[in-house]
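Here's the structure, in structure tokens; my notes come after.
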Amino acid sequence: MTFDQLMARDRRIDELDRLGRARTRAQDHEFGALMSARDQYWRRLPRALEAARAKAAQLETYARQHRLAFDNDPRGFV
């Protein structure tokens, strides 16, 4: 999800939460689904960050081994 999508989802959760007991059944289901999706996203995020960092480390190692330009340095590694 993009940051804009996360913010839009959180705004919708806030809107539905403010309705409280006035929510319709459909809105109540939507509220529950959005809350669940948000909780699952944040629960999975640490593992996703760990995997992304591991992949970035692999790519950095590969770039260094092959003296490829890294960190916008056109000279590459010396």
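Every number in this text was worked out from the coordinates using simple rules, so none of it is lab data. Quantities reported herein were computed from a predicted structural model and do not represent experimental measurements. Neighbour counts are summed over all protein chains in view; Cβ atoms, including those assigned to glycine, are modelled from backbone coordinates with ideal geometry.
Taking the C-alpha atoms only, the angle from helix 25-65 to the longest principal axis of the chain is near 0 degrees.
Subtracting the Cα-Cα distance of residue 29 and residue 69 from their residue separation scaled by 0.36 nm leaves 9.3 nm.
Relative to the longest principal axis of the Cα atoms of the chain, the long axis of helix 3-19 makes an angle of roughly 20 degrees. In nm, to one decimal, how far is the modelled label at residue 9 from the one at residue 41, with both set 7 Å along Cα→Cβ? Calculated label separation equals 0.3 nm.
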